[in-house]
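Here is the structure we will look at, set down as structure tokens.
No value in this document is a laboratory result; all are computed from the given coordinates. No experiment lies behind these values; they were computed from the predicted model shown. For neighbour counting, all protein chains shown are included, and Cβ atoms are generated from backbone atoms with ideal geometry for every residue, glycine included.
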Amino acid sequence: MLKIPFIHDIFEFISSNSLGPIPMDIIAHLVLSTLIYVVLTKYFRLKFLASFAIILALALAKEIYDLPRLSSTPAEHFKDIAFSIIVPGFSGLFRARERRQESQRL
């Protein structure tokens with residue numbers, strides 16, 4: 001496994017600590033995926049599907065990087081991916097709903 005010292009240390013710290021009852025891993029996935037989604041849609045002006053695909057690809061790549069860890073389980077990988085795509089996914093659903101309502105008004 002390729003071990004990048006700085007990044008590996010950050011991943012280990014985040015995955016082994018929590019903020020009260022909420023693991024920092026979940027918070028990190030939510031915050032980083034939301035930040036990446038905002039940057040992709042607002043600054044790079046990518047459409048929802050392209051931004052969502054990039055975030056999903058990044059989440060999958062991160063989970064593939066985590067596969068050799070002995071403490072990780074398939075449920076953890078699924079949870080991490082789900083929390084990475086939840087905010088962009090709901091954002092896309094709300095945008096689609098708004099567009100549908102606007103087209104019905106016209």
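Mind listing the long-range amide H neighbours of S18? Cut-off is under 5 Å, sequence gap 5 or more, other chains count too, H placed in the peptide plane at 1.01 Å from N.
Distant-sequence amide H within range of S18: M24.
Taking the Cα centre of the chain as origin, sum charge times position over the Cβ atoms of Lys and Arg (+1) and Asp and Glu (-1), and report the length of that vector in debye to the nearest 20.
My answer is approximately 700 debye.
List every residue whose amide H lies under 5 Å from the amide H of L46, counting only residues 5 or more places away in sequence or on a different chain, with H placed 1.01 Å from N in the peptide plane.
Counting only residues 5 or more places away or on other chains, the set is T41.
Please list, in order along the range 37-42, the HN-Hα scalar couplings obtained from phi with the Karplus expression 6.51 cos²θ - 1.76 cosθ + 1.60 (θ = phi - 60°), rounded to whole Hz, x for Gly and Pro.
Values, residue by residue: 4, 5, 4, 5, 7, 8 Hz.
How far is it, in nm, from the label point at Q104 to the one at V31 when both lie 7 Å from their Cα along the line to the Cβ?
Placing both labels 7 Å beyond Cα along the Cβ direction yields 3.8 nm.
Given the rule -39500 (n - 2.57) for each run of at least 4 DSSP H residues, summed and divided by the residues of the chain, what is its mean residue ellipticity at 222 nm, to the nearest 500 deg cm²/dmol?
One gets -25000 deg cm²/dmol as the mean residue ellipticity at 222 nm.
HN-Hα J couplings of the range 93-106 from phi, Karplus 6.51/-1.76/1.60, θ = phi - 60°, integer Hz, Gly and Pro as x?
Working through the residues one at a time gives 5, 5, 5, 5, 5, 4, 5, 5, 5, 5, 5, 6, 6, 7 Hz.
Note the full-extension length gain between T73 and H8 as 0.36 nm times their separation in residues minus their Cα-Cα distance, in nm to one decimal.
21.6 nm
Please give the FRET efficiency for R97 paired with F44, using the beta carbon to beta carbon distance and R0 = 35 Å, rounded to the nearest 0.05.
For R0 = 35 Å, the calculated efficiency reads 0.90.
How many angstrom lie between the Cα centre of the range 15-32 and the Cα centre of the range 47-78?
15 Å
Considering only the other residues whose Cβ falls under 10 Å of the Cβ of E76, what net charge follows from Lys and Arg at +1 and Asp and Glu at -1?
That works out to -2.
Taking the Cα atoms only, what angle lies between the long axis of helix 5-16 and the longest principal axis of the chain, rounded to 10 degrees?
Once rounded, the angle reads 80 degrees.
State the extension gain, in nm to one decimal, for the chain segment bounded by L58 and N17, taking 0.36 nm per residue of separation less the distance between their alpha-carbons.
12.5 nm
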